[in-house]
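Remarks on the structure that follows.
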Amino acid sequence: MTMNAFIAVDWGTSNRRAFRIEEGVVVASERDDRGAANVAAGEYEAEVAGIRTRLGDLPMLLAGMVGSNIGWRSVPYVAAPAGLAEIAAGLDRIDDRTAIVPGLSYRDGLHADVMRGEEVQLLGAVAAGLVPADAILCQPGTHCKWATVEGGAITRFTTAMTGELFALLRAHGVLSRQLGHPVELGPAFLEGVAEGARRDLAASLFAIRARGVLGLADDAHAASFASGLLIGADTAARIEPGATVHILADPALGALYAGAIDALGGTPHHIDSQAAFVAGITRIQDLAA
């Protein structure tokens, strides 16, 4: 574990989290809405200088969308299978104290996938001993990541647009008026999980409209049912009954995925995603030193 202080930034599309880390422990942090989509290309040097003003004039590692084509510069991905050593070797250095984490790519025939930032948390969970070296990990969100880790390296992964699809359905289209209620982990959600795992997803989504029009279901439960459909279809496509899945997510979203995994015969385990990120980025800093 590194004995030197440094700053780690988890730079997402919409939001940004920065941590001052000393001896592997977060001693100061900040969170704001200065994600990559909200920062112009010419503003990154000033943004980084501002973070150093607030958290300390220290070496800095930047992970996430800062290394994408909407970020500071487009950094080449490291191809899976890869572990933290391969990621550290692929750092893109802005200067001798500032570097961008490269992200991961995966190809298998016609299937192609990419991630930026999630790899730090997923492999950090292994580095911290929060998950075994051979495991299935799920990181729910706008774009849900499912990763297989073997021997401490990510060997393959899949991204599902589950969260984005739900947000689009809620904001636009024929179902939007029915999906305004909060999503709850209850009978309607679990009914949706079961249907999403076995039936045509597109037809099941339209059935929400039909059930409401015909008075067969209360619209107060429509959002929970729709969420269950999407998460159920996503989960059923990724796991077999009996699988153990380690979930890195906030408590509310993590609980929904845990409910779906349990309902489909799997065993869910919640992982502290911040602890995983800190462990992963600290290990990268160690390897790059």
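Among F206, F225, which is free of Cβ contacts under 8 Å to residues at least 60 places away in the same chain, of a type in the set (F, W, Y), assigned to a helix (DSSP H, G or I) and open to solvent by 30 Å² or more (accessible area, probe 1.4 Å)?
Step by step, each of F206, F225 is checked, and only F206 is free of Cβ contacts under 8 Å to residues at least 60 places away in the same chain, of a type in the set (F, W, Y), assigned to a helix (DSSP H, G or I) and open to solvent by 30 Å² or more (accessible area, probe 1.4 Å).
Scan region 166-189 residue by residue and report those that are open to solvent by 90 Å² or more (accessible area, probe 1.4 Å) and farther than 15 Å from I231 by Cα.
Across region 166-189, the qualifying residues are H172, R177.
May I ask you to list the residues in region 259-289 that are among the small types (G, A, S) and open to solvent by 10 Å² or more (accessible area, probe 1.4 Å)?
Across region 259-289, the qualifying residues are G259, A263, G265, S273, A275, A279, A288, A289.
Are any residues in region 228-259 more than 17 Å from T159 (Cβ to Cβ) and assigned to a helix (DSSP H, G or I), and if so, which ones?
Those that are more than 17 Å from T159 (Cβ to Cβ) and assigned to a helix (DSSP H, G or I): G228, L229, G232, P251, A252, G254, A255, L256, A258, G259.
From the list D250, D272, D219, which residue is among the charged types (D, E, K, R), touching a helix residue (DSSP H, G or I) at 6+ places or on another chain (Cβ under 6 Å) and on the phi < 0 side of the Ramachandran plot?
Result of the check over D250, D272, D219: D219.
Please work out if A99 is buried (at least 20 other Cβ atoms within 10 Å of the Cβ), in contact with a helix residue (DSSP H, G or I) (Cβ under 8 Å, 6 or more places away or on another chain) and farther than 22 Å from I271 by Cβ.
yes
I'm checking my understanding of the structure. Among residues of region 191-203 that are hydrophobic (A, V, I, L, M, F, W, C) and over 12 Å from A263 (Cα atoms), which one is most open to solvent (accessible area, probe 1.4 Å)?
Here the answer is A202.
Would you please name the residue that is least open to solvent (accessible area, probe 1.4 Å), looking only at residues in region 209-222 that are of a type outside the set (G, A, S) and assigned to a loop (DSSP other than H, G, I, E, B)?
The residue in question is D218.
The values are calculated or read from the model by the stated rules, or taken from the named source; none is laboratory data. As the structure is a computational prediction, the values presented were derived from the model and not from experiment. Don't worry about glycine lacking a Cβ; one is built from the backbone with ideal geometry, like all the others, and counts go over all protein chains shown. For the accessible areas, the whole protein counts, side chains as well, though only heavy atoms, and no ligand, DNA or RNA atoms are used. Shrake-Rupley method; radii C 1.70, N 1.55, O 1.52, S 1.80 Å.
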